[in-house]
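I have placed the structure first, in the form of structure tokens, so that the comments after it can refer back to it.
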Amino acid sequence: MKLSAGKLEEPDVNLTPMIDVVFLLLLFFMVSTSFIRESSLKVDLPQATGQALPEQEKSIDIVINADGHFIVNEVTLENPSLEQLSAHLKQAVGVNEDPHIIISADANAEYQNIVTAMDTAQQLGYSRLTLATRQTTKGTQ
């Protein structure tokens, strides 16, 4: 029996699964990264892990207390309407077209108040929003 030596095929390396894993890792780290900034006002922030980012520019602070008070750059608003919050936010922003807005909400604050602050900023065309959290060390919760 005579066997002929056939043409040898070069091995094929499929990179698709490796690329999928790299993209999933990238997506996981992008979603799980949080940003923190300490506020001068007493607010019990929710906890999260992650690295703090260095401050780069003057930002607009919106602090939401557990009792529903909003503080926009040290101006206190008691249960403001959407129009009042919008007016104070415009005044705090001034001429900056797309400011960095940091929302620091008490861990016991109503979720609706946080959504109201985010919605107001979005309606004014401000897209750079950050929710502040308190950084915890690994192993403690």
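The values are calculated or read from the model by the stated rules, or taken from the named source; none is laboratory data. These numbers were taken from a predicted model, which means no experiment stands behind them. Note: ideal-geometry Cβ built from the backbone for every residue, glycine included; neighbour counts use all protein chains shown.
Taking residues in region 99-115 that are touching a residue at least 60 places away in the same chain (Cβ under 8 Å), and partners anywhere that are buried (at least 20 other Cβ atoms within 10 Å of the Cβ) and among the small types (Gly, Ala, Ser), the pairs with Cβ atoms closer than 9 Å and at least 6 places apart or on different chains are ILE102/ALA132; SER104/ALA132; ALA105/ALA117; ALA105/ALA132. The set of residues from region 102-118 being more than 16 Å from the chain's Cα centre (by Cα), surrounded by 16 or more Cβ atoms within 10 Å (Cβ to Cβ) and not in a helix (DSSP H, G or I) comprises just one member, ALA109. Do you know which residues across region 78-90 are free of Cβ contacts under 8 Å to residues at least 12 places away in the same chain and surrounded by fewer than 17 Cβ atoms within 10 Å (Cβ to Cβ)? Once the filter is applied, which keeps residues that are free of Cβ contacts under 8 Å to residues at least 12 places away in the same chain and surrounded by fewer than 17 Cβ atoms within 10 Å (Cβ to Cβ), region 78-90 yields GLU78, ASN79, SER81, GLU83, GLN84, ALA87.
Taking region 102-141 as the range and being modelled with pLDDT under 80, of a type in the set (Ser, Thr, Tyr) and closer than 22 Å to HIS69 by Cβ as the test, only THR133 passes.
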